[in-house]
1. From V183, V223, V262, which residue is in a helix (DSSP H, G or I) and open to solvent by 80 Å² or more (accessible area, probe 1.4 Å)?
2. Quick test of your reading of the structure: D252 fulfils all but one of (1) open to solvent by less than 90 Å² (accessible area, probe 1.4 Å); (2) at pLDDT below 80. Name the failing condition by number.
3. Could you check R371 against (1) open to solvent by 80 Å² or more (accessible area, probe 1.4 Å); (2) touching a helix residue (DSSP H, G or I) at 6+ places or on another chain (Cβ under 9 Å); (3) not aromatic (F, W, Y) and say which number it fails?
4. Residue pairs, Cβ under 6 Å, 6 or more apart or interchain, first in the stretch 357-386 and modelled with pLDDT under 90, second in a strand (DSSP E or B) and surrounded by fewer than 20 Cβ atoms within 10 Å (Cβ to Cβ). List them.
5. Being under 32 Å from the mean Cα position of the chain (by Cα), more than 16 Å from D393 (Cβ to Cβ) and charged (D, E, K, R) is the filter here; which residues of the stretch 421-442 pass it?
6. Please work out if P206 is at negative phi, in contact with a Leu (Cβ under 7 Å, 6 or more places away or on another chain) and open to solvent by less than 70 Å² (accessible area, probe 1.4 Å).
7. For the stretch 346-373, name all the residues that are of a type in the set (V, I, T) and closer than 14 Å to A314 by Cα.
8. With respect to D323, is the statement that it is in a loop (DSSP other than H, G, I, E, B) and without any contact (Cβ under 8 Å) to a residue 60 or more places away in the chain true?
Amino acid sequence: MRFPWPRSLAGQMALLVAMALFVAQAINLGLLLRERTAFRLASAVNPAATRIVDGVEREISTGRALRADRGRVRRMTTNPIASNLPRSPEVEAGLRDALDDAGFKAGRIVTGLHALGDRSDLPRAFRRRFEPRPGALELLIAVEQPGKGWLVVATPWPRNGVPIVGRLLFQTLLIYAMILLPVLWITRRISRPLRSLTAAATAFDPRAETAPVEAEGPHDVRVLIDAFNALQLRVVAMLDEKDRMLGAIGHDLRTPLAALRVRIESVEDEDDRTRMAGTIDEMNRTLDDILSLARLGRSSEAVTQVDLSALVEAVVEDFRDLDADVAFTETPRVLMRLRPTLVRRAVRNLIENAIKYAGSAEVAIRAEAARVVICVTDSGPGIPADRLEDVFDPFIRLETSRNRETGGIGLGLALARAIVREAGGDITLANRAEGGLEAQIVLPRAQ
């Protein structure tokens, strides 16, 4: 299972700071618990060892034996600690080392931990001496003195680090509130203009008047926004210059072509004159395709609501007027918002390809809930499966004869796909199982 990493800058910064604080507090908790454990061990071992050594020395020096019913150190004949009480091996080992350092030879060392409120397991003498303290813990320590019985002492025993954990948790929440809230505020202050910049970059349309993004936030972010606004202006200016250049190229090329068209009328041979006129017409069509492809994205045609079924049927009728074998399946009205001239050209290019390679075409429209599909099918030779995408590249021709009557110049499908993609859709090609090719123009219903 992958951790759901936040996508926003504010979320990532907050998560990183929270993780860093959590790790720091966990290390702090470990150190505190370790220190508390060491302190609890020392507070139990050192006083107990001192009391036992002092008690034995006092017993020797005064000649008075330690008693079993009173005193800080008591001597008993048997081990008074019940076997069911929890033991503390760390205290036993530490106490043995401390007694060895003091020169006291001890036998067995037994410990027992109990709550002071529960005195059923205590010797009678201990029950009389100590007052109950509910919730408090006490550690009983019994040290065997070989041949002389057992020396017994009692020492308070702090509970586990639950209060420390609670205090540390409260401290962590307080630190989170003091650090995370400013971090969230700072990152949101940074990310808000970045989100505005992202939205402006995503919605950038060189055809529309776009207001500059307001420069706000930290200095680095404001510099970035100013750079984007300047880049946006340069891109629009460059595209405007390109449009002016293309217009000049179209004008400069069409003028000599028109002059050539006039001059060929003086050619006496009718066949030569016809071939020359066809060449000039082909050059004009090529020039139109190149200029149309270059101007896509900066079209001067407005988006309007049209009946797509009527538009496609009109294109089919144009081919029928030229005695082309094109069939159209009648379809109910399909209202869509698009650039009709460009879409008409894309449909015409697909039908031209079908007629050029198969001699006939079938056109149908399939309206679906979220999209509209224009299907152009033929019964021609099809296209090799590994070349279905290659034919959309400009100036790519699978027909290698270089005959423009059968192969064109390789711009028809490239122009058609560019038009459809500019409208938010796409074109796909697929070989039919029964032979031939099927071209589909897919347009989204929500324009």
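The values are calculated or read from the model by the stated rules, or taken from the named source; none is laboratory data. In this text, all values refer to a predicted model and were calculated from it rather than measured experimentally. Cβ atoms come from the backbone with ideal geometry, glycine included; neighbour counts cover every protein chain shown. Only protein heavy atoms, including side chains, enter the accessible area calculation; ligands, DNA and RNA are left aside. Shrake-Rupley method; radii C 1.70, N 1.55, O 1.52, S 1.80 Å.
1. On the way: V183 fails: open to solvent by 80 Å² or more (accessible area, probe 1.4 Å); V223 fails: open to solvent by 80 Å² or more (accessible area, probe 1.4 Å).
Result: V262 is the single residue among V183, V223, V262 that is in a helix (DSSP H, G or I) and open to solvent by 80 Å² or more (accessible area, probe 1.4 Å).
2. Here D252 clears every test but (1).
3. Condition not satisfied by R371: (2).
4. These pairs meet every condition: G382/N431.
5. Going residue by residue through the stretch 421-442, those that are under 32 Å from the mean Cα position of the chain (by Cα) are 421-428, 442.
The next check asks that each one be more than 16 Å from D393 (Cβ to Cβ); those that pass are 422-425, 442.
Within the stretch 421-442, E422 is the sole residue that qualifies.
6. Working: at negative phi: yes; in contact with a Leu (Cβ under 7 Å, 6 or more places away or on another chain): yes; open to solvent by less than 70 Å² (accessible area, probe 1.4 Å): yes.
Yes; evaluated as a whole, the condition is true for this residue.
7. Within the stretch 346-373, the subset of a type in the set (V, I, T) is 347, 351, 355, 363, 365, 372-373.
The answer is V347, I351, V363, I365.
8. Numbers: in a loop (DSSP other than H, G, I, E, B): yes; without any contact (Cβ under 8 Å) to a residue 60 or more places away in the chain: yes.
Considered against the rule, which asks whether it is in a loop (DSSP other than H, G, I, E, B) and without any contact (Cβ under 8 Å) to a residue 60 or more places away in the chain, D323 comes out as yes.
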